[in-house]
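Step one of this worksheet: look at the structure below.
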């Protein structure tokens, strides 16, 4: 699945129009990125020769400015043995947005909108991949708060988690010092933690 944020690498081979054998271009090979049926190219680049094999080239394009759900074509223009050659070397569709960084390294997780609360956060991905589930649900159940009267139970105090399926970010905003039971059934999380006295906390540092 190609996502915004990925680097697209395209490999292709040019052939002699006379012999049909792989053959290097006479000069530079140009590659153009077109959006759907657009008449003008969105981007262009010069292909790089794969030194070990005759006629073999590669080109790379950034997907940062492309649009999710849109189909793109890569056209290649070259002269081989004096003959102009123009061909479509690749067709692809952008299917999603990739989070910046690895498992959220560069994602701004934000802070709670209320003073005295901590944002406990983690990142959710599919097993053995960096794909993000379409939906993810979880709760934080407050069991006790240090400064609350003794023998007061908070069994009905459930805080629903917030999930962003474009980045995998999942979080709860909980009051400082509370003892909470965090549950995310889809990943098997069922754990009791104490909320630290800070604005944000990565879940794995509390377990």
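Taken together, the values in this text are just the output of simple stated rules run on the coordinates, not laboratory data. Predicted, not measured: the structure shown is a model, and the values here were computed from it. Note that we place each Cβ from the backbone using ideal geometry, even for glycine, and neighbour counts take in every protein chain shown.
Observations
- Listed peptides 138-144, 193-199 by packing density, highest first (mean Cβ within 10 Å): 138-144, 193-199
- Taking each residue as 0.36 nm, the span from residue 65 to residue 48 lengthens on full extension beyond its C-alpha to C-alpha distance by 3.9 nm.
- Where both bridge residues fall in the chain, DSSP classifies roughly 90% of the beta bridges as antiparallel.
- Annotation: the chain has a Kirkwood hydrodynamic radius of 21.0 angstrom, from the mean reciprocal C-alpha pair distance.
- Ascending count of other beta-carbon atoms within 10 Å, so fewest first, for 191, 172: 191, 172
- For 3, 49, order by how many other beta-carbon atoms lie within 10 Å, fewest first: 49, 3
- Directionally averaged projected area (segment 1-124, Cα convex hull): 10.8 nm².
- Segments 69-80, 16-27 sorted - mean Cβ within 10 Å per residue, highest first: 69-80, 16-27
- The stretch between residue 137 and residue 114, if pulled fully straight at 0.36 nm per residue, gains 6.0 nm over its current Cα-Cα span.
- The order of 167, 162, going from fewest to most other C-beta atoms within 10 Å of their C-beta, is 162, 167.
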